[in-house]
Structures are given as C-alpha cells and as structure tokens.
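All remarks here apply to the structure that follows.
The values are calculated or read from the model by the stated rules, or taken from the named source; none is laboratory data. What you see is a predicted model; the values in this text were computed from it and never measured. Ideal geometry is used to build each Cβ from the backbone, glycine not excepted, and the neighbour counts take in all protein chains shown. In case anyone asks, the SASA skips ligands and DNA or RNA and just uses the protein heavy atoms, side chains included. Shrake-Rupley method; radii C 1.70, N 1.55, O 1.52, S 1.80 Å.
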Amino acid sequence: MVELLPREVSETITPKYLRELLDVNSDYLTADEMQRFFQRYSDSFEGIGAYIMKDGDRIIVAEPMPQSPAEEAGLLSGDEILEVDDISLRGKTVEEAVALIKGPQGTQVTLTIKRTGRPEPFQVIIVRQKINASSV
C-alpha cells in the first residue's frame, strides 16, 4: 500500500485542509458523498438524463444522454444551468445540483439555462423519466 502522506498526518487531516491541497480539477468526497456519487452512476435513476459537471464556479451540461429527456428538450453540451426550479446553483456542488435535478419519474423540473450565443437566459421544462445508464 502506498501512502501519499505520513501516517500521523493522514489520520488527523481534516477534509477542509485536504481540499486546500488539491488542484482545481480534484475534489475530496466524504464517505456519504462517495456513496451518493456511486448511486448517481448506478444502472438506473429517475431524472433528465444529462451528465453534469462543474467548470470553475459554473454548473454545466457536459453532455445530454442519447434519447434522454435532456436531449429531447434541446439541452446542449456547454449549457450553464443557472437555476433548478427557481433555486440558484451559485455556490452549489455538482452533487447538490444533481440532487435538485433528479426526482420521481413523471414529474417536471424547470431549468434556467445560459447558452453561449444567446443574450438572455431561458427556461426549459423537462419531464423526468427513468434513465438506464451504463458506467465504465
């Protein structure tokens, strides 16, 4: 087993301090956050069918899944999600954004989208569906 930090440091380091050591493309997940992360990529879930990621302080659509409600609603890679059901995503993590976007099959979610090339944000109403996802 390879230890990246001395044992006395790795056993006493706080998540806040650990996050400060990471580069901008890394993040620290607690055990609960890790469990939610794996659930997000399980075989199926109820939501809109889009991969969401953080780009700086923005939550963006990395890619809508093929034949998903997100794709059918016209979401595009690079779309910034400003709000979910009038709740601002400013300062939210990807996990918090995903928790707001997911919901029971057949229910609606309203996303406020900012798209490059469009002067004003616009809203998209999407009906959540069961999404079958395969992860590598």
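The figures follow:
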{"read-out": "Any chance GLU83 is at pLDDT 95 or above, farther than 26 Å from MET34 by Cβ, out of contact with any strand residue (DSSP E or B) (no Cβ under 7 Å at 6 or more places or on another chain) and open to solvent by 50 Å² or more (accessible area, probe 1.4 Å)", "value": "no"}
{"read-out": "The range 99-115, residues that are farther than 25 Å from GLU33 by Cβ, over 17 Å from the mean Cα position of the chain (by Cα) and open to solvent by less than 60 Å² (accessible area, probe 1.4 Å)", "value": "GLY106, ARG115"}
